[in-house]
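Data first, discussion second: the structure below is written as structure tokens.
The values are calculated or read from the model by the stated rules, or taken from the named source; none is laboratory data. This one's a predicted model, so the numbers in the text were calculated from it and none came from an experiment. Note that we place each Cβ from the backbone using ideal geometry, even for glycine, and neighbour counts take in every protein chain shown. When the accessible area is computed, the model is the full protein with side chains, heavy atoms only, and any ligands, DNA or RNA have been set aside. Shrake-Rupley method; radii C 1.70, N 1.55, O 1.52, S 1.80 Å.
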Amino acid sequence: MVIMPKVSVAVLASGRGSNFQAIQDAIARGECDAQIKVLISNKSDAGAIDLAKGYGIATEIVERKSFKTREMMDERIKALLDSYKVDLVVLAGYMVVLKSKKLIDAYRGKIINIHPSLLPSFPGVDAQRQAFDYGAKVSGVTIHLVDESLDAGPILYQEAVYIGDCTSDGDVSERILELEHQSYAKVVHSFSKGRYVVEGRRARFVPY
Ligand code: GRF
């Protein structure tokens, strides 16, 4: 009987970590075949750090101010990913753009990010408020591979949600966050069951 080793995951987060929590809870429910080895944050006071400690998951702080350049900061992150023998890097509200080509090349096709809009609509920050202010009736969540571009890597998963009845951008954020929490663990689980093959801009899931 072939025992597939669980996909080892590193989560990078800068904030409260609700997406991290949603993935870990899905793992605990047996719905996501992965193991989060480490939570890395650029903020020593990030709520995600406390969550990780509560789960008994290793935490690492990589603060920008400790490094002369962004590349050196990313190099430290790469060294940590290598040391934890990570198969998949999950950006979950990680508010720093990865700059190091060495890091992106070494983990190409294995770094994913979640964005709270249907890319290519509303890239960048405050995507939920952008959609609300624009008067969009539908928005949603995008999970994509991370490459050198900002929010423009090949898309792995998208799901839409009606926001026409939202009365504030906070409503939109809440509605999309629910979707994020359901979606991210699905994509992490897919990684454990196969891989995504990228042809140009298109990413196709290929089961093992
Ligand atoms: C989420 O809305 C995500 O889409 C965006 O940042 C937020 C992270 O929230 N990238 P959390 O830290 O996972 O709660």
Given the options Gly93, Gly194, Gly47, state which has the largest fluctuation in a GNM of the chain using a 10 Å cut-off (strictly under) for Cα springs. Gly194
Ignoring ligands, DNA and RNA, what percent of the 1.4 Å accessible area of the chain is carbon and sulfur? 53
Once both labels are modelled 7 Å past Cα along the beta-carbon direction, what's the Leu177-Ala79 spacing in nm? 3.5
Any chance you could run the full-extension gain for Leu150 through Ala58? It's 0.36 nm times the residue separation minus the Cα-Cα distance, nm to one decimal. 30.3 nm
Result row for the chain, helices from DSSP H with C-alpha axial extent 30 Å or more and mean Kyte hydropathy at least -1.0, is 169-193
Unit charges on C-beta of K, R, D, E only; dipole of the chain, Debye: 760
So who's got an amide H within less than 5 Å of the one on Glu60, skipping anything under 5 residues away but keeping other chains? H placed 1.01 Å off N, in plane. Leu39, Ile40, Ser41
Between region 127-204 and region 6-71, the Cα center-to-center distance that results, in Å: 20
Could you report the chain's accessible area per residue, 1.4 Å probe, as an integer in Å²? 50
So which trypsin sites (Lys or Arg not before Pro) in region 1-86 pass both tests, a DSSP loop state and at most 10 other Cβ atoms within 10 Å of the Cβ? Arg29, Lys68, Lys85
Quick one: P(r) of the chain from all Cα-Cα pairs, 10 Å bins, percents rounded to integers, in order of increasing distance. 9, 35, 38, 17, 2, 0
In region 93-181, the GluC sites (Glu not before Pro) that fall in loop regions by DSSP, at most 10 other Cβ within 10 Å: none
For every helix of n ≥ 4 consecutive DSSP H residues, a contribution of -39,500 (n - 2.57) applies; sum these over the chain, divide by its total residues, and give [θ] at 222 nm rounded to the nearest 500 deg cm²/dmol. -11000 deg cm²/dmol
